[in-house]
Amino acid sequence: MEAVQSAEVPTPQTASVLTIDNLSKTFPGTRALSDAHLEIGAGEVHALVGQNGSGKSTLIKVLAGFHKADPGADARVSGEPFDIGHEVPDSLRFVHQDLGLVLELNTMDNLALRGGYTRGAGRRIKWREQERATRQVLGRFGIELDIHRPLSEASPVERTVVAIAGAMQGWSGGEGVLVLDEPTAVLPHDEVEHLLAMVREVRRAGTSVLYVSHRMDEIFGLADNVTVLRGGNVVATVPVSDVDHRELAKLMVGEDVDPDFRVSVVAETDPPAALELRDVRGHHLRGLDLDVARGEIVGIAGLAGDGLFELPAAIAGFSSRQVQGRIRLPQRSLDWHKLSEASRLGIPLVPADRVRDAIIPDFAVAENLTLSSLERYGSPRKLRHAKEREVVGRWTERLGIVTSSPAALISTLSGGNQQKVVIARCLAREPDILILSEPTAGVDIGTRVAIYELMAKLAEEGLSIVVASSDLSDLIAMCTRVVVLRDGRIGAELDAEDLTETQLIHEIEADRIGERDEQLN
């Protein structure tokens, strides 16, 4: 396919619901958007893609009134002009990456915080009517959940559904646009289809959807048209049917990128063990044994209910539930330790949800990067700032972290650059073992490849890495071996050299396929 030169939008079959022209946004020292154009037709799912830092989040935040647009922008909803950046029409509804939920409250209260409580005489809340209204709001999305249970106990997909339901309260849809900003970024892949089905249902009701995602399979399975941002500029808007994965990746990055990229890890011959786990038990884990050699990248595959996310947290000593078992690090000591005391071993973890569990939004990039290794830069009374700056500079350069300054708040960085800071924080501790959980969640394809290449380089330098991911492309791209969890145990072990996604899915679903066959018979 030839490079797309024009940013003209294909003429929609129906009138445009949302049209934006000449949208620019300038921050001090940075032009984040430059004369951007976006047009969404009625009943259309329109994807917005680009690398981290390309301007996607800025465009969404201007549209939502969080940022003010530069003068000269023109915006219309159903042909009616509005002052973009200052005015948000009711026909535009938003679900941001930060879902804006109060996890300590239940579903009913979270929806009421947005839509209001049903009140009677004396302003008393009419709880029965409130409960009925809540169930009615959720009913259109075909999901059942305990509306009285705190959202802290809900699954990621249930929380996302509540956020979407909240955004659409009091709105029948029709000629409007629902904006979904990375709705699946922290969802396990086995839950993504539930959300996509809900998006399709919203579309069937006549509502247009502006869908922001880094996951290529979602774009090609859901969207009609796709707009590509690069460096704050709209470089193309094309029908999804006119491009393939590789062509879309090239538009995003500006150069040819292989979506099926794999690194080559040169392993040692007969390397010594670096991590040994025995009889690991927990909420989902049922007596698991695992050995990881020095310089090995071991992938963990499976579903959340199989222990996929419980295992990495347990190894690093960050499990929120009681775990049992033994752990040993032979390169450090021949002593076995209780897994419940694993936090003392100092094994760094890149958690699955960086926003909730890793970054401190009100801290600077440098502070977030060095937070877990401050003892290396001085005493509790006095920090050696020169040493800290040297470490921050070294890891910022090595990981390609894009930031205006190490003193900038980490909340000003794109999701991919925040992820790089979290990885840099772990590596600044100079570990011999690193645990990664969902390492590329919300990360663009260019950053993915950079992470894969970095992990391969570190493995060749002797670092042992455990990667737990529901995104099978992570496991295929960088692992030397993949173990598949089933019902809390290792159900299969695969050499990653010739591994395919089909093989992995088959192994993950093996027991469940047999159970379904028995039920059918």
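Side notes on the structure shown:
- Using all pairs of distinct alpha-carbon atoms, the Kirkwood hydrodynamic radius of the stretch 193-295 works out to 18.1 angstrom.
- The H on the amide N of VAL226, modeled in the peptide plane, is under 5 Å from the matching H of ALA47, VAL238, VAL240, each at least 5 residues off or on a different chain.
- Each Lys and Arg Cβ is given +1 and each Asp and Glu Cβ -1; about its Cα centre, the stretch 213-273 then shows a dipole of about 260 debye.
- Most tightly packed first, judged by the mean number of other beta-carbon atoms within 10 Å of their residues, the peptides 201-213, 335-347 read 201-213, 335-347.
- As a ratio to 2.2 N^0.38 Å, the alpha-carbon radius of gyration for the chain is 1.02.
- Probing with 1.4 Å while keeping every protein chain in the model, the per residue accessible area of the stretch 202-359 equals 44 Å².
- Cα Rg over Rh - the stretch 329-435, Kirkwood: 1.00
- Taking θ as phi - 60° and the Karplus parameters 6.51, -1.76 and 1.60, the scalar couplings of the stretch 301-311 work out to 10, x, 9, 4, x, 8, x, 4, 9, 6, 5 Hz in sequence order, x denoting glycine and proline.
- Computed 3J(HN,Hα) for the stretch 210-218, one whole-Hz value per residue from the Karplus formula 6.51 cos²θ - 1.76 cosθ + 1.60 where θ = phi - 60°, is 9, 10, 9, 7, 9, 8, 4, 4, 5, glycine and proline marked x.
- Two-decimal log10 I(q)/I(0) for the stretch 319-371, as the Debye equation yields it once each C-alpha is a single scatterer, q = 0.17, 0.31 Å⁻¹: -0.72, -1.23
- Total charge dipole magnitude, the stretch 375-521, about the Cα centre, Cβ charges on Lys, Arg, Asp, Glu only, Debye to nearest 20: 1440
- At R0 = 35 Å, FRET efficiency that the Cβ-Cβ distance of VAL402 and GLU193 yields, to 0.05: 0.60
- Averaged per residue, the stretch 409-516 has 33 square angstrom of accessible surface, using a 1.4 angstrom probe with ligands and nucleic acids left out.
- Partner lysines for LYS25 [C-alpha distance under 27 Å; skip if fewer than 8 residues away on the same chain]: LYS56, LYS61, LYS68, LYS250, LYS420
- For LEU33, the amide hydrogen comes within under 5 Å of the amide hydrogens of LYS25, counting only partners 5 or more places away or on other chains and with H modelled in the peptide plane.
- Between ARG128 and ASP289, the C-beta separation translates, for a Förster distance of 45 Å, into a calculated FRET efficiency of about 0.30.
- Axial C-alpha extent at least 15 Å, average Kyte-Doolittle at least -1.0 - helices from the chain (DSSP): 156-167, 189-204, 415-427, 445-460
- DSSP beta bridge pairing in the chain, given as percent antiparallel to the nearest 5: 55
- For trypsin sites (Lys or Arg not before Pro), the sites in the stretch 383-425 that DSSP calls loop and that have at most 15 other Cβ atoms within 10 Å are ARG384.
- Exposure of ILE508 as accessible area (Å², to 10), given a probe of 1.4 Å and all protein chains: 10
- Size of charge dipole - the chain - debye, nearest 20, with Cβ of Lys, Arg +1 and Asp, Glu -1, no other charges: 2460
- Apolar share of the accessible surface for the chain: 47 percent from carbon plus sulfur atoms, 1.4 Å probe.
- Between LEU103 and any residue 5 or more places off or on another chain, the built amide H atoms are never under 5 Å apart.
- Solvent-accessible area per residue for the stretch 47-199 (1.4 angstrom probe, square angstrom): 47
- R0 of 30 Å, Cβ-Cβ distance GLN503-ARG204: FRET efficiency to nearest 0.05: 0.30
- Extension gain for the segment SER152 to GLN169, taken as residue separation times 0.36 nm less the Cα-Cα distance, is 4.0 nm to one decimal.
- Under the criterion of Cα pairs below 8 Å and six or more residues apart, the relative contact order for the chain equals 16 percent.
- Note on the stretch 219-267: Rg/Rh from Cα positions, Kirkwood definition for Rh, rounded to two decimals, is 1.09.
- Label-point separation in nm, SER264 to ALA121, each point 7 Å along Cα→Cβ: 8.2
The values are calculated or read from the model by the stated rules, or taken from the named source; none is laboratory data. Predicted model only: the values in this text are computed from it and were never measured. Here Cβ is always computed from backbone atoms with ideal geometry, including for glycine, and neighbour counts include all displayed protein chains. With ligands, DNA and RNA removed, areas are computed over all heavy atoms of the protein, side chains included. Shrake-Rupley method; radii C 1.70, N 1.55, O 1.52, S 1.80 Å.
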